[in-house]
1. What spacing in nm lies between the two simple spin-label points modelled at residue 139 and residue 371, each 7 Å away from Cα in the Cβ direction?
2. Of 66, 303, 186, which is the most mobile in a GNM of the chain whose springs link Cα atoms less than 10 angstrom apart?
3. Restricting to Cα pairs below 8 Å that are 6+ residues apart, what does the relative contact order work out to for segment 104-243? Please round to a whole percent.
4. Using only the Cα atoms of segment 324-396, build the gyration tensor, take square roots of its eigenvalues as a ≥ b ≥ c, and label the shape rounded, prolate or oblate: rounded if a/c is under 1.5, else prolate if a/b is larger than b/c, else oblate.
5. Multiply the residue separation of residue 182 and residue 327 by 0.36 nm, subtract the distance between their alpha-carbon atoms, and state the gained length in nm to one decimal.
6. Quick check: pseudo-label points 7 Å beyond the Cα along Cα→Cβ at residue 151 and residue 58, how many nm apart are they?
7. In terms of the Cα gyration tensor, with a ≥ b ≥ c the square roots of its eigenvalues, is the chain rounded because a/c is under 1.5, prolate because a/b exceeds b/c, or oblate?
8. Would you mind checking the tilt of helix 3-28 against the longest principal axis of the Cα atoms of the chain, expressed as 0 to 90 degrees and rounded to 10?
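Nothing in this text is a laboratory measurement; each read-out follows from the coordinates by a stated rule. Model, not experiment: these values are computed from the prediction. Note that we place each Cβ from the backbone using ideal geometry, even for glycine, and neighbour counts take in every protein chain shown.
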């Protein structure tokens, strides 16, 4: 081998080594400060990192993301995206690629990951029911049709969440029921069904410790509460005046229950159709106060320290955020991020909040102490923001 050939060989070897090292560096990157932002108009997600407030990449061809939600694997590497078209997509956020994608139904509305991280459950409108998949392979583990009545009709399923004990809880919209699916002993679940819980449960939440499952009712006022620590007590009705009431005000968007703020002894919840945030005593679920706000609230979200509650609003008042001090129960600050503020997400320790502004094609980042904007990121019609910290929280 002459000198020229040797130099060419060494140059190629250096290039290969550089590529290998770069690839290794990418693979070694931790995921704790990462997340995804749904770009629902284009069926894509932006992969972000919060340390430097940057976009790392984009993953496309995810189908209909008009009501998309996301959960994470326990190692925070994989994002499971639930699409409205029945798509379930497993995204490798380190490689910024689709690891696996299946169409598991005709119309789905969200999902959850089990306590041990091995099962992915999806709630479906069509066909009605819950399907459960192996988190690694996305192979079908269990199919739970949401049948009810003498004719075994199928109900739409909403409000699916994970709870401790390798269980999932969900509500049947058409049947007016709550079911608990227990996978602790087998891949074929034991089902416990609670019937006549109220008309048309449309959404639900689980409190952060996994004890109280609360379903909102579209067909009547009030909420249905199931104490997961005392299932033998059945479903209890609480806040019988909560809802649209006798005066049928126009409701531009039903508030999301998963966006309720739980802070110590209080729950801060959006009123339905009214320009109010309700303060509820969690000990007896009785109303303490009503706080007048800018518009019809959609998400009422507490910062990680529970000191402040951030509120966004339905159309036509959806250009505004208001911040409530949980100590004084008063509005402390109002911000105007822009048209169509759809979602908020706090960084793990709450020093910043990321806000999607769909109609301005950007995400704005605010310092939660000073309320100053610290960054803007251009995205395509951003909506839901989901950080990897969710991997270690119940019900998210």
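1. Going by the 7 Å Cα→Cβ label model, 5.5 nm.
2. 186
3. 14 percent
4. oblate
5. Numbers: separation 145, 0.36 × 145 = 52.20 nm, distance 3.90 nm.
Full extension from residue 182 to residue 327 adds 48.3 nm.
6. Distance between the two pseudo-spin positions: 4.7 nm.
7. oblate
8. So the helix axis and the longest Cα principal axis differ by about 10 degrees.
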